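I have placed the structure first, in the form of structure tokens, so that the comments after it can refer back to it.
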Amino acid sequence: MKYNGINKKNRFYTVIHAVFAGLMRLIFRVEIINPENEPTDGRGMIICCNHLSNADVVILVASMKNQVHFLAKSELFKIPLLGTFIRAIGAYPIKRGAADVGAIKKTIELADGGYTVGFFPQGTRKPGVMPELSSARSGIGMIAMHTKADILPVALVPKNFRIRPFKKNKLVIGNPVSHESIIALADDRNCSASEQYKIITGQIFNDVIELAKKNIF
């Protein structure tokens, strides 16, 4: 049986999403722009999004048709019940403040396995700030180079770039960037691997920035 991206959900996630996703979109007054841009063809995908608040993951998960797997700080998994819950809905741990090779490998493994992974290249929250290239880390470029997954640029655009309950928040979905075009971009440059990662990061995160600029309100 061939699974598509929508069907590749665990049962617990399916129930939780059905019960709470609509409520979360209502609380955060989410307007999803260009939902047709989200692929559901079963290929692995990495969502590249700007980072404004702790609510970003909730809005992203509630708004996407695919199950979004995401990194969460390792300390959360040690909390009884909470750790079990977030793992069940697709979270996996990362050690903050360290180069967590295991978390990077897990991201690549999920994307290559046909799953959707949410990734915030800025690493830390930037409330009240329009996304800018200088804030993006090159990890997304490295991951993009080492997985066959496509990249989906997504911008969170609330008023004044501050997410608040019961205030309108736009979630803008851009056009997917194919793995093939990412590799071609890197191959066109005669430079080191680290420089290639920066170039790819710039290309991907610039798409997020442009989505944000075009949808400011």
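Considering Leu52, Leu110, the condition of being in a helix (DSSP H, G or I), touching a residue at least 24 places away in the same chain (Cβ under 8 Å) and buried (at least 16 other Cβ atoms within 10 Å of the Cβ) is satisfied by Leu110 alone. Right, Ile182: aliphatic (A, V, I, L, M), in contact with a Phe, Trp or Tyr (Cβ under 9 Å, 6 or more places away or on another chain) and part of a helix (DSSP H, G or I) or not? For Ile182, the condition - aliphatic (A, V, I, L, M), in contact with a Phe, Trp or Tyr (Cβ under 9 Å, 6 or more places away or on another chain) and part of a helix (DSSP H, G or I) - is not met. The sole residue among Pro39, Pro80 that is assigned to a loop (DSSP other than H, G, I, E, B) and more than 17 Å from the chain's Cα centre (by Cα) is Pro80.
Among the residues of region 98-107, is any touching a Ser or Thr at 6+ places or on another chain (Cβ under 6 Å), assigned to a helix (DSSP H, G or I) and in contact (Cβ under 8 Å) with a residue 60 or more places away in the chain?
The first filter runs over region 98-107 and keeps only residues touching a Ser or Thr at 6+ places or on another chain (Cβ under 6 Å), leaving none.
No, every residue in region 98-107 fails to be touching a Ser or Thr at 6+ places or on another chain (Cβ under 6 Å), assigned to a helix (DSSP H, G or I) and in contact (Cβ under 8 Å) with a residue 60 or more places away in the chain.
Of the residues making up region 90-100, those that are surrounded by fewer than 20 Cβ atoms within 10 Å (Cβ to Cβ) and within 20 Å of Tyr115 (Cα to Cα) number 2. The set of residues from region 114-136 being among the basic types (Lys, Arg) and either surrounded by 19 or more Cβ atoms within 10 Å (Cβ to Cβ) or under 14 Å from the mean Cα position of the chain (by Cα) (or both) comprises just one member, Arg125. Taking the stated definitions as given, is Ser63 under 17 Å from the mean Cα position of the chain (by Cα), more than 17 Å from Gly90 (Cβ to Cβ), surrounded by 15 or more Cβ atoms within 10 Å (Cβ to Cβ) and among the small types (Gly, Ala, Ser)? No: the conditions fail for Ser63.
Of a type in the set (Val, Ile, Thr) and within 17 Å of Val30 (Cβ to Cβ): does that describe Ile173? Criteria met by Ile173.
Please work out which residue is nearest to Gly44 (Cα to Cα), limiting yourself to region 175-185 and to residues that are at pLDDT below 90 and surrounded by fewer than 19 Cβ atoms within 10 Å (Cβ to Cβ). Restricting to residues being at pLDDT below 90 and surrounded by fewer than 19 Cβ atoms within 10 Å (Cβ to Cβ), the top hit is Ile183.
Filtering region 181-202 to residues that are of a type in the set (S, T, N, Q), more than 18 Å from the chain's Cα centre (by Cα) and farther than 13 Å from Asp150 by Cβ leaves Asn190, Ser192, Ser194, Gln196.
The values are calculated or read from the model by the stated rules, or taken from the named source; none is laboratory data. For clarity, every value in this text was computed on a predicted model and none was experimentally measured. Virtual Cβ from ideal backbone geometry, glycine too; neighbours counted across all protein chains shown.
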